[in-house]
Amino acid sequence: MCGIIGFSGNLEAAPVLVAGLEQLEYRGYDSAGIAVQSAKGVKTAKTVGNVSVLKEKIKEETFEGSCGIGHTRWATHGGVSEENAHPHRFGKVTLIHNGIIENYKEIWEEYGAGKTLASQTDTEIAAALFDALYEGKPEETIRKAVKLLEGSYAFCIMFEGVPDTVYCIRKVSPLVAARAKEGSFVASDVTALIAYTQDYFVLPEDTILVLKKEELYLEDLQGRRVEPEMLHVNWDTTAAQKNGYPHYMIKEIHEQPEALHNTIAPRMKAGIPDFEVDKIPDRIFKEINQIKIVACGTAMHAGMVGKVLIEKRVRIPVAVEIASEFRYQNPIIDEKTLVIVISQSGETIDTLASLRLAKSEGACTLGIVNVKGSTIARESDYVLYTHAGPEIAVASTKAYTVQIAALVMLAMRMAYVRGKLDEAGMKKDYELLKSSVEALKLSLTLEETIKELTYALTDKEDLFFIGRGIDYALSCEGSIKLKEISYIHSEAYAAGELKHGTISLITEGVPVIAIATQESVYAKMISNIREVKARGALVILITQEDMEAEEAIYDYHLTIPKLPDEFTPIPTAVILQLIAYYTSVHRGLNVDQPRNLAKSVTVE
Ligand code: F6R
């Protein structure tokens, strides 16, 4: 959470910082600020609201200087107010922070005597600590401070008397940096740097990064120079723009065919998934007797689909765990467990903590991650990168379908390696995977129909998604997508479970989105739909195109092409994404930046 950027170079800093913050806004958008250093000192501007509010506020102001820091906030410690917005200044120190300082009370007791704070944030207390320790030597100050700070942090710090220089240090919270002809850059995410360069590096923990006009360099905590490990992104600025779409979310929904192609194609050799490019050995699929899939939110819902796919093909027990629960449940894992962690951002703190726990118990860990070089990617024993490109909208869409594709390929390879699927079977599955991507393209053509039918949902207060088997996993995903961006209360139910309580909530006009794409349980599902229709529900039915459904049981009927049961999630997901998107649009909401949320959840 929170987006941070730092710059020192040969351009005016203020516009560079604001442009960077615009790219990072998905990480938090309740307040924003910048601080620019010049010979006259440091000038700060901050405001409640998103970056556009900040931009408006400073449009008449001049910020002299070509070195500065900027921050877009997702409040954790202290409410949403101008005082709590970053940058924070204390004495000779101006800084921005992403993370949480856990021992802020102790630090303040020790270093705050006789001083006063202007905000309610842990960050200002950290600034007070840096200031108290500062004796004209920034690196030494940072070395001393990190010994005292507990929690997670990414700091960009400017010290009075040290012109044109930004110092950075991080623990857990991400920071990437790059050198370009315009100067030296640091940011929470490469999307803020891509306008200048595609080559960057991840700042290692316990390493001080020094940004100067003419150079940037790294030093470890003993003061020794460290060479950065360079990474390259194969997308450019256009990938992180709306490119004519009204919102990032709809753009990203439409990018799914390409994202899926980019994720699947490099792994397919003559119709057989092969993870040689990922350096994932077959051995890790053989030497296991159970699999745990651990993730949060949408990524966890992809895991639920993965469980069905793997168990069906491989006949090995797979448990899907919510990362924030898993890490506190003393999970039963050992050397014979494969722990698959799924994360778009690769920074979700609960998923990361679960990964670390699994490793400490001796399990083999495999990350399915979208962001290159992210912490989860680096710390997993093996990583299977999805190639969705940058996902900016807070609601995850393309990252979800590529996660499912990755799980299909893993299930196929595991089944092959364990003798449950022969080459012919793999080739058949590959054809079906390709068909499900073609089917997704057809789901995209339903956009206008979905746009129209979602007017029926705009004034509703409650809504239900029901499904059986894999369609229950899709119901969970449809429900989270709809509620996070439309603010309509929604619940996902396994269709057979409704009559154990929930059906009492189904009254005249309550929408029920019934996902009934599974041939194996279709008749049962139709019975459940009859039960809700009989109680007055407004039913939106989703089936495969050849499945018969009498008109009396639905109000709207959407179909996907005919596919075997396990290959329906990808085209079905698109329908659910479009339902959520247009419901939010009709309600006039901020689709890409729903209230209270942030894309990358780096706090517990
Ligand atoms: C919902 C959504 C979230 C994320 C979750 C995990 O649309 O985006 O539920 O899926 O916060 O994030 P990652 O995948 O980055 O670990």
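The values are calculated or read from the model by the stated rules, or taken from the named source; none is laboratory data. Please read these numbers as outputs of a predicted model, since none were measured by experiment. Glycine gets a Cβ as well: all are built from the backbone with ideal geometry, and neighbour counts include every protein chain shown. Ligands, DNA and RNA are excluded from the accessible area calculation, which covers all protein heavy atoms including side chains. Shrake-Rupley method; radii C 1.70, N 1.55, O 1.52, S 1.80 Å.
Numbers at a glance
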item	result
Summed side-chain charge close to residue 181 - residues other than residue 181 whose Cβ falls under 15 Å, Lys, Arg +1, Asp, Glu -1	-1
Förster radius 35 Å - calculated FRET efficiency between residue 144 and residue 11, Cβ distance, rounded to 0.05	0.60
Accessible area in the full protein assembly, largest first, 1.4 Å probe, for 267, 313, 225	225, 313, 267
Solvent exposure ordering (accessible area, 1.4 Å, most first) of 40, 599, 427	40, 427, 599
At least 18 Å along the helix axis (C-alpha) and Kyte average at least -0.5, DSSP helices within the chain	297-314, 398-417, 423-444, 470-486, 569-586
Neighbour net charge for residue 324 - beta-carbon separation under 15 angstrom, K R +1, D E -1	-2
The range 447-586 shape via C-alpha gyration tensor axes, a/c threshold 1.5	rounded
Prolate/oblate/rounded label for the range 3-239 (Cα gyration tensor, a/c 1.5)	rounded
Size of charge dipole - the range 44-152 - debye, nearest 20, with Cβ of Lys, Arg +1 and Asp, Glu -1, no other charges	180
Charge dipole (the chain, unit charges on Cβ, about Cα centre) - positive-most of 433, 458, 388	433
Computed magnitude of the charge dipole of the range 192-245 (debye, nearest 20; Cβ of K, R +1, Cβ of D, E -1)	280
Radius 12 Å from Cβ of residue 102, net charge of other residues (Lys, Arg +1; Asp, Glu -1)	-2
The range 185-238: relative contact order in percent, alpha carbon pairs under 8 Å with at least 6 residues between	37
Cα centre as origin, Lys/Arg/Asp/Glu Cβ charges: the range 447-586 dipole, Debye	320
Unit charges at the beta carbon, dipole of the range 3-239: most positive-side option, 79, 11, 23	11
Accessible area in square angstrom per residue, the range 294-393, 1.4 angstrom probe	33
In Å², nearest 10: area of residue 57 left accessible to a 1.4 Å probe	80
Cα shape, the chain, gyration tensor, a/c 1.5 rule	prolate
Inter-label distance, nm, simple model (7 Å from Cα along the C-beta direction), residue 60/residue 279	5.7
Base-10 log of normalised Debye intensity for the range 175-238 (one unit scatterer per alpha-carbon) at q = 0.19, 0.27, 0.29, 0.30 Å⁻¹	-0.67, -1.22, -1.34, -1.40
Candidate residues 247, 387, 500: accessible-area rank, largest first, probe 1.4 Å	500, 387, 247
Relative contact order %, the chain, counting alpha carbon pairs below 8 Å whose residues are six or more apart	12
Neighbour cut-off at most 14 other Cβ (10 Å), DSSP loop, GluC sites (Glu not before Pro), the range 263-319	276, 287
